[in-house]
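Structure, as structure tokens:
The values are calculated or read from the model by the stated rules, or taken from the named source; none is laboratory data. What you see is a predicted model, and the numbers here were worked out from it, not measured in a lab. A quick note on method: Cβ atoms are made from the backbone with ideal geometry, for glycine too, and the neighbour counts reach across all protein chains shown. All accessible areas refer to the heavy atoms of the entire protein, side chains included, with ligands and DNA or RNA removed. Shrake-Rupley method; radii C 1.70, N 1.55, O 1.52, S 1.80 Å.
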Amino acid sequence: MNDLTILHLSDLHISWSVEESMPTLHRNLLHDIKNQEKFLSEPIIVVITGDIVNEGDYSENSRKAVIRFFETLYDILKGKVKDIIIVPGNHDKEGIDVQNTFSQLYATQETPMEQAMEDLLNLNNQYYKKYLELANEIYDIFKIRDKPAGTYGVRTIC
């Protein structure tokens, strides 16, 4: 039988300044993972399901804090990670009022609904641009070469 471990992280909401000490919640999470590392079967697949940052905060401090968190995680898992799957959450994109934006595209400008939906999707992708850049930095930390190119950075693996 082939064993593997799935490490599921969600709702990290990293928003602390990198100059500060890491918040107790994140420090304890990494400490618990470190204590369990010796029991984890290889390969390890890390699944991050949303809200890496808080409220679309991609300031330099917040980005550095995310990088510090994932570099620490990488050091703990000692190269056992085979792959990472990162799925964005609502806090991972910069603000967009979908309902008002759609109303403006569809109602006020008399845009056909299909075009308005396409425009809204394109606008939404623009708001995820910083998320995609950060996700790619996380893939780089773990030396994942097969980075997703699709919508929001999500890809399917075999």
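For this structure, a couple of remarks:
- Neighbours of Asp11 by Cβ distance under 13 Å: Lys/Arg scored +1, Asp/Glu scored -1, total -3.
- Electrostatic bookkeeping for Asp75 treats Lys and Arg as +1 and Asp and Glu as -1; over the other residues with beta carbon under 12 Å from its beta carbon, the sum is +2.
- The phi torsions of segment 8-16, fed into the Karplus equation with coefficients 6.51, -1.76 and 1.60 and a -60° offset, translate into couplings of 9, 10, 8, 6, 5, 6, 6, 9, 7 Hz, rounded to whole numbers, with Gly and Pro shown as x.
- Length gained on full extension, Leu30 to Lys80, computed as 0.36 nm times the residue gap minus the Cα-Cα distance: 16.4 nm.
- In the assembled protein chains, His31 presents an accessible area of approximately 100 Å² (probe radius 1.4 Å).
- For Ile14, the residues whose amide H sits under 5 Å from its own are Val53, Asn54, ignoring neighbours fewer than 5 places away on the same chain, with H placed 1.01 Å from N.
- Counted residue by residue at 0.36 nm each, then reduced by the alpha carbon distance between them, the extension gain from Glu19 to Leu123 reaches 34.1 nm.
- Exposure of Arg68 as accessible area (Å², to 10), given a probe of 1.4 Å and all protein chains: 80 Å²
- Subset of Lys34/Lys82; Lys82/Lys129; Lys64/Lys129; Lys93/Lys143; Lys38/Lys80; Lys82/Lys147 violating a 19 Å alpha-carbon distance limit: Lys82/Lys129; Lys93/Lys143
- In this simple spin-label approximation, Asp140 and Met113 carry label points 7 Å from Cα along the Cα→Cβ vector, and these lie 4.3 nm apart.
- Extension gain for Lys38-Glu133 works out to 31.0 nm (0.36 nm per residue, less the C-alpha to C-alpha distance).
- Three-way shape call for segment 1-55 based on the alpha-carbon gyration tensor, with the a/c threshold at 1.5: oblate
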